[in-house]
Amino acid sequence: MARFFVDIEKINTEQFPKVYLDVRVENRFRQNLVGLNEVNFYVSEENRGVADLRFEGAVTLDQGSDITIIIDRNLTSANLSSAIETAIKEIATSMNKDAKLTIISASNVPVIEYSGNPDGCKNFSVKRLNSQIVKETALDNSIRLAGNNLISDSVKRSIILLTSGTVSENAFSKYPVSEIASYLGNNGINFSTILLTQKNIDSQIDYLISHLNGNSYYVFRPEGLSSVVADIESIPTGLYRLSYVSSLTSGYGRDYLPVEVEVYLHNRSGKDSTGYFAPLE
């Protein structure tokens, strides 16, 4: 039987014994699975089905995506300051005001240049970057850093790489692109690029785009970049919210309470199990 990847991402017990679960479901290619409803979920505690299980809906939401922009500072970007500034300004202007924008420069080591409200980058200047242009950029480490910082952010989270299309020879010397794609995919992080030139894109970058629900955009395309954020926000999350009434005693908030979620669709299934603590009494 083909399987799904199921991940209980969040448990809210503030109204215990009522419990809320945010559950992500992906197919075997780590792509978000959309269109599920209450008949596809089974939730149990200690091998017993829970009471009053309710399907609260798909978490498609939330109206904005936290975005991390990575600037590849390899030699090919030396004369592309104007293109970089254009891309960042347009993305910042298009983002939801409540979202978070982070800028990471990929040099010989990754550097977090900015993190906060998108308004802070509406007048972005390459001259303010703390990193240097180098022959070999640590693109793999930079993407890992971006992923690490996004994991705890909003439900929708994305990486945009600003690149000439060409990467340095050892850009993925520490972490192969397949490992990076798995890491980002497992954490629901999308990956797109903004091309600063009209060169063909490197196959390693193209691999990340194709495996992580992304797209590639040319920085000076006639229609501009205003739709890039909208495209990202429209990517299905594969995240669902369930609620139920627990039959377990709270143990005054000191007992670890187990929960398991199973997902079924046609001849495929998947499950995840974890636990939680009720509020302290």
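The values are calculated or read from the model by the stated rules, or taken from the named source; none is laboratory data. Predicted, not measured: the structure shown is a model, and the values here were computed from it. Cβ sites come from the backbone with ideal geometry, for glycine too, and all protein chains shown count toward neighbours.
The table for this structure:
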| item | result |
| --- | --- |
| Filter result for SER115 (loosely packed, with under 15 Cβ neighbours inside 10 Å and over 24 Å from LEU208 (Cα atoms)) | no |
| Per-region count, region 39-56, residues within 13 Å of SER243 (Cβ to Cβ) and surrounded by 13 or more Cβ atoms within 10 Å (Cβ to Cβ) | 7 |
| Scan of region 68-88 for residues that are modelled with pLDDT under 95 and among the acidic types (Asp, Glu), ordered by number | none |
| Of all residues in region 1-36 being of a type in the set (A, V, I, L, M) and surrounded by 18 or more Cβ atoms within 10 Å (Cβ to Cβ), the one that is modelled with the lowest pLDDT | LEU33 |
| Criterion: part of a loop (DSSP other than H, G, I, E, B), buried (at least 18 other Cβ atoms within 10 Å of the Cβ), of a type in the set (Gly, Ala, Ser) and in contact (Cβ under 8 Å) with a residue 12 or more places away in the chain - qualifying residue of ALA99, ALA92 | ALA99 |
| Residues of region 97-110 satisfying the condition of being over 10 Å from ILE67 (Cβ atoms) and touching a helix residue (DSSP H, G or I) at 6+ places or on another chain (Cβ under 9 Å) | LYS97, ILE104, SER105, ALA106, SER107, VAL109, PRO110 |
| Unique residue being over 30 Å from ASP72 (Cα atoms) and out of contact with any Cys (no Cβ under 8 Å at 6 or more places or on another chain) when the list is GLY224, GLY253, GLY185 | GLY253 |
| Selected residue (criterion: surrounded by the fewest Cβ atoms within 10 Å (Cβ to Cβ)) from residues of region 231-281 that are of a type in the set (Asp, Glu) and farther than 30 Å from ARG28 by Cα | GLU281 |
| Qualifying residue in region 211-219 (condition: among the small types (Gly, Ala, Ser), touching a residue at least 12 places away in the same chain (Cβ under 8 Å) and surrounded by 19 or more Cβ atoms within 10 Å (Cβ to Cβ)) | yes |
| Filter result for the condition that a residue is within 25 Å of THR237 (Cβ to Cβ) and assigned by TED's automatic domain parsing to the domain that holds ALA181, over ILE84, ILE71, ILE103 | ILE103 |
